[in-house]
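A short worksheet on the structure shown next.
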Amino acid sequence: MQFTQGMEYFFSGFKLITQKGLKRFVFIPLLINIVLFGSSLFFLYGWLTEGFAYLTNLLPTWLSWLEWLMWPIAVLVILFSYSMVFTVITNFIAAPFNGLLSEKVELYLTGQKINDDGLADIVKDVPRMLGREWTKLCYYLPRAIGFFILLWILPVIGQVLWVMFTCWMYAVQYKDYAFDNHKIGFREMKQDLKKKQGLSYGFGLAVMLLTAIPIINLIVMPVAVCGATRLWVDNYRPHYRN
């Protein structure tokens, strides 16, 4: 089943990040994620604590029990929403390093180089990589706003749509590195992903769930890049190598 296979591809990334020859390329994306994600979670916790203290003071005494209900609901919604928004921002900064990691993972899995570019060529490619991240950001933001509004005005349906959208965006975000390394356009990449949507939703769900778990979420980015690259090699690369 494509859905479970998609999840398995993500978890395969945990093994890949420990492989000899790949670990040094994992370090920088991992460091970026730890510094940015860790520090921002600290400030998010402080903001939530202050916000709920303010709301609790506004509640009449006989409704004070609502605090115990609001906390878990708000934390889950904000954590999942924040994780997706933060992932987009973090990956924008880490894009060149994630692209390099994806390239090295593909070399490890296939034994074939994508290209013979040297360090100077990689540096020249950075603006193109950042441009690709900008394209993904422009794709994400208007849809995120629409689905976030539905999240609050459509009970159950809105929540389901938000989860599905988040899973899809995680798949787009991490699978795109391998596509971009092969200079495959963003629109063509999306069309390929839609042909095997089960893989994308399964992969994205695994990323979403682990991104919401403290400590573990600090290593999700390099794991997801590695897992998505393996998914690319098995399911999309043959089509472009023929």
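Things to note:
- Cα-derived Rg to Rh of the stretch 162-239, Kirkwood definition: 0.97
- For the cross-link pairs Lys23/Lys196; Lys23/Lys136; Lys20/Lys104; Lys23/Lys104; Lys15/Lys190, the ones whose C-alpha atoms lie over 20 Å apart are Lys23/Lys196; Lys23/Lys136; Lys15/Lys190.
The numbers here are math on the coordinates, done by the rules we state, and not lab data. Note that this is a predicted model, so its numbers are computed, not measured.
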